[in-house]
Amino acid sequence: MFANKDEAIKCLNIAKNAMDKDDLPKAIKFLEKAKSMYPTDEVKTLLVTCKAKLQARNRFSYGSSGSGNAGRSSGTSDSRNGVGGAQEAALNRECLKILACKNYHDVLGVSRNASTDDIKKAYKKLALKFHPDKNSARYASEAFNKISEAFHSLTSSGGRHVDSASDNPQQHSHYTTSYMRSEDFFRNVFNQHSNPNYRPNRRAGYNCHSDDRPSSRTSSSDRPTHSSASSGTDPPSGPGMTPLSWFHMLAFFILITIGILPKLFDREHEAFKFVRTGRYNRMLSTRLNGVIFYVDGNVFDRDYPMNSSARFEFEYEVDYTYFDKKCSREKSMNAQKIHYYLKRMKAPPKELYEPPESCKTRDLLRDAYLAHLNKHGFT
């Protein structure tokens, strides 16, 4: 449940944007997704509000169109409204019949010994008929979800014994939420040839973008293949660890070890730091630029005697490291400031395009230290 909190928040934000644009169907769609992944009081309240607004809008538009048509030709309008009302009533009766079924076999209209192919054919027929985009009945969405739930139960691993469709929905919530959503499975069944790269979304990896693309977090082991459903074979009950998985894990740890060990050894040979630590506790500064650094006081004077060539080379390394890092940092800050000005359609100050003083100092360090060495008699 908590693994889907971030995706549910994304769905909620998309729904709020849709509400701001007065796109209530889209808002309801994403609110239902958010509710199925991470139900909160805010999501439930917004969902009820959107549905109420949409129903009120439909009643108002129906009444307006009915009165307009009555003014034009009452006889034709009455006959059409009568036919339309009769068709909608018939569709609602069919939906209620589906919802009233006591077991999943009756929902799909198949016998208890029906094969997987028969179940699949029945599902395709009913799904096309009761899909909310094709069926305008009030209970089409609930009937479509129940048809999908019945198909999932009768074709899943160990699902043949789950035959009751009249139990409390909370008893099967762990199944329906961990399996594919009804809309995703419908799209996978009927669009498998037009989009072969599409994979159904699971709860743990469901991506809640407006284009309903599958999330990259969904692992291949969690994706039920279409061939397993059509051939009648059950998908594996658990992910397991294959030899290839063990090989990948071993290779990963080897790469991590190879990448970390050299850095650990390099740290042991660091001669200075710019911050005080337990080992680097003696503070010094370079003679040319006054850069403060810290060294290991137990061995520094022995390794780098005062006024020796090694000491001058060491201080050059300290100065160069310090000014090189400062140069990179100031360049990055200037680039951010330039972007800030350009974003607001303003001309950046000229000094932002010039090299920082730290960069100039770094570039002149070599000549400065050569002159310093010559001054002290080192050639």
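Each reported figure results from applying straightforward, stated rules to the coordinates on display, with no laboratory input. All values derive from a computational prediction rather than experimental measurement. Here the Cβ is made from the backbone with ideal geometry for all residues, glycine too, and neighbour counts use every protein chain on show.
Ranked by the mean number of other Cβ atoms within 10 Å of their residues, highest first, the peptides 340-348, 304-312 fall in the order 304-312, 340-348. Protection proxy ranking for 134-141, 113-120, using the average of other Cβ atoms within 10 Å per residue and placing the highest first: 134-141, 113-120.
For each pair in Lys326/Lys350; Lys5/Lys125; Lys35/Lys129; Lys5/Lys26; Lys5/Lys120, compute the distance between the two Cα atoms and list the pairs where it is over 23 Å.
Numbers: Lys326/Lys350 20 Å; Lys5/Lys125 35 Å; Lys35/Lys129 26 Å; Lys5/Lys26 20 Å; Lys5/Lys120 33 Å.
Beyond 23 Å: Lys5/Lys125; Lys35/Lys129; Lys5/Lys120.
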